[in-house]
Every structure is written in structure tokens, then in C-alpha cells.
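Heads up: the structure comes next, in C-alpha cells.
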């Protein structure tokens with residue numbers, strides 16, 4: 001499902017217009033992004049939680065040449081599904 005399809009489903013299920021559903025989804029995305037950038041956690045009971053972690057620097061290999069390279073440390077987003085989400089699958 002892409003963003004446009006998600007907006008359509010949200011509008012259909014909630015009774016909102018597509019424009020309002022898109023605004024709500026964009027607001028959720030923006031708030032989530034800024035919250036995670038601050039290092040805070042987002043917890044949606046039943047759905048799951050989003051958090052950030054730092055993946056440490058590590059050694060890797062260039063697949064073309066086989067030479068060893070250093071991969072920089074990187075901040076990543078983790079998602080842990082909630083119990084209700086897992087049960088529904």
C-alpha cells in the first residue's frame with residue numbers, strides 16, 4: 001500500500017475527506033519524524049513502538065573490488081510490533 005492508497009482508506013474508514021485525511025497523515029509523519037530526531041520514543045498501544053538507535057561503525061567489503069571499507073556509524077529507526085498487531089497477522 002502506498003501513501004495515496006493509505007489516504008483513501010483513512011478517508012473511507014474515518015468519514016474524513018481525502019484532503020483532511022492527507023493532512024492528518026502528513027501531520028502524523030511530521031510529528032513522528034521530529035520526535036524520533038529528538039531521540040524520544042513513540043508508543044502506540046496495541047500497534048507498536050518506534051525508537052532510534054545508533055548502529056556502530058563497522059568494517060565491510062566493496063563488492064566490486066573486494067577491498068575492505070569502513071562503514072560509518074548511523075542512526076536508525078527500530079519498530080517493535082505490539083501484541084495486538086502480532087495476534088492479527
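Coordinate-derived values only; no laboratory data. Since we're looking at a predicted model, the values are computed, not measured. Cβ placement follows ideal geometry from the backbone for every residue including glycine, while neighbour counts extend to all protein chains displayed.
Averaging the sequence gap over all C-alpha pairs within less than 8 Å and six or more residues apart, then dividing by the number of residues, gives the chain a relative contact order of 21 percent. Angle of helix 3-14 to the longest C-alpha principal axis of the chain, folded into 0 to 90 degrees and rounded to 10: 30°. Could you tell me how far the Cα centroid of the stretch 55-84 sits from the Cα centroid of the stretch 38-52, in Å? Computed from Cα coordinates, the inter-centre distance equals 21 Å. Extension gain for the segment residue 24 to residue 44, taken as residue separation times 0.36 nm less the Cα-Cα distance, is 5.6 nm to one decimal. Computed from label points 7 Å out along Cα-Cβ, the spacing between residue 2 and residue 32 is 1.8 nm. Helix 18-37 and the longest principal axis of the C-alpha atoms of the chain enclose an angle of approximately 40°. At q = 0.13, 0.22, 0.23 Å⁻¹ the log10 of I(q)/I(0) for the chain amounts to -0.67, -1.11, -1.14, computed by Debye summation with a single uniform scatterer per C-alpha, solvent ignored.
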